[in-house]
Amino acid sequence: MTRTRHLLLQSLTIVVLAGTSNAQAGKDASARLREVLPGDVAARVIARIAEARAHQLPGDALENRALKFAAKGVDPKSIERSIDEQAQRMESARAALVSGRGSTPGGDEIEAGAEAMRKGVDGAAVSLLAKDAPHDRSLAVPLFVIGSLTDRGLSADKALQSVLERLKSRASDADLESLSSEVSSRNNSGQGRPDGESGREFGQSHKPANSGRPATAGPPAGVPGNGGKKANNGNSHKPPPKK
């Protein structure tokens, strides 16, 4: 066997094993979803994820999202709605990235684009980033940083401009991520909000894009902040003061 043929067979073996591994991972995730969700909801969520995969969207990200929400005790109907909304954003993000760059985006880029859109960044901004950013680097981190900046109160336009400026100067991913900390430090001065808290909790769909204030951390949609218990301000059981 020639060396070239040997290398070719090795490559084919790696591809087959990777495909088998991904298929097995998908089966495992589907089994876990059936365990943690009601039967009818699980069936619809799994079908939606399969449809997303058929459209070249990162189905594993949707599976992880559903499992994460289930672990947090989110209402199953809310989980189903969240998966459907995120899949729609992924479709929009993929279309925007293809329009701007003209090539097929990676799953991590699609996921980051969907997250940016969830935080108020529109498809036009995603396309502009894909068009103007250097074509030899992934857009996953730049898109995440844009979403993170809008999460901290920066307008989508300013966030896009800031990231593009650094990209054109060949900033590293670490340099881009430092933008979030810089904006957080300026916006949170005197507010007691720790740096590095990005408001990335999923389930905050339809959050106003540019509310002018950073998002506060909290439970995902469908989970009461106090676990469903009535708030007790310390006065509800106190007898009236004696006169």
Exercise. Arranged from highest to lowest average of other beta-carbon atoms within 10 Å per residue, in what order do the peptides 28-41, 100-113 appear?
Worked result: 100-113, 28-41
For this session: Assign one of three labels to the stretch 41-193, namely rounded, prolate or oblate, based on the Cα gyration tensor with a ≥ b ≥ c the square roots of its eigenvalues; rounded applies when a/c is under 1.5, prolate when it is not and a/b is larger than b/c, and oblate otherwise.
Result: oblate
Problem set entry | FRET E, pair residue 99, residue 47, Förster distance 25 Å, beta-carbon r, rounded to 0.05 | 0.35
For this session: Work out from phi, with θ = phi - 60° and the Karplus expression 6.51 cos²θ - 1.76 cosθ + 1.60, the ³J(HN,Hα) of each residue of the stretch 151-163, listed in order in whole Hz, and give x for Gly and Pro.
Result: 5, 9, x, 7, 5, 4, 4, 5, 5, 4, 4, 4, 5
Exercise. When the Karplus curve 6.51 cos²θ - 1.76 cosθ + 1.60 is applied with θ = phi - 60°, which whole-Hz ³J(HN,Hα) does each residue of the stretch 83-93 get, with x for Gly and Pro?
Worked result: 5, 5, 5, 5, 4, 5, 5, 4, 4, 5, 5
For this session: Using the heavy atoms of the protein chains and a 1.4 angstrom probe, tell me the accessible area per residue for the stretch 52-131 in square angstrom.
Result: 40
Exercise. For the stretch 52-160, what % of the accessible area comes from carbon and sulfur atoms, probe 1.4 Å?
Worked result: 49
Exercise. So if R0 is 25 Å, what FRET efficiency would residue 122 and residue 55 give, r being the distance between their Cβ atoms, rounded to the nearest 0.05?
Worked result: 0.75
Problem set entry | Spacing of the two label points (7 Å from each Cα toward its C-beta) at residue 135 and residue 36, in nm | 4.1
Exercise. With each label point set 7 Å from Cα along the Cα-Cβ vector, what nm distance links residue 164 and residue 72?
Worked result: 3.3
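Going down the list 68/131; 77/158; 72/158; 68/119, which pairs span over 24 Å between their C-alpha atoms?
Cα-Cα > 24 Å for 68/131; 77/158; 72/158; rest within.
The values are calculated or read from the model by the stated rules, or taken from the named source; none is laboratory data. No experiment lies behind these values; they were computed from the predicted model shown. We place every Cβ from the backbone using ideal geometry, glycine too, and count neighbours over all the protein chains shown. Areas reflect the complete protein model, heavy atoms only, side chains present, ligands, DNA and RNA absent. Shrake-Rupley method; radii C 1.70, N 1.55, O 1.52, S 1.80 Å.
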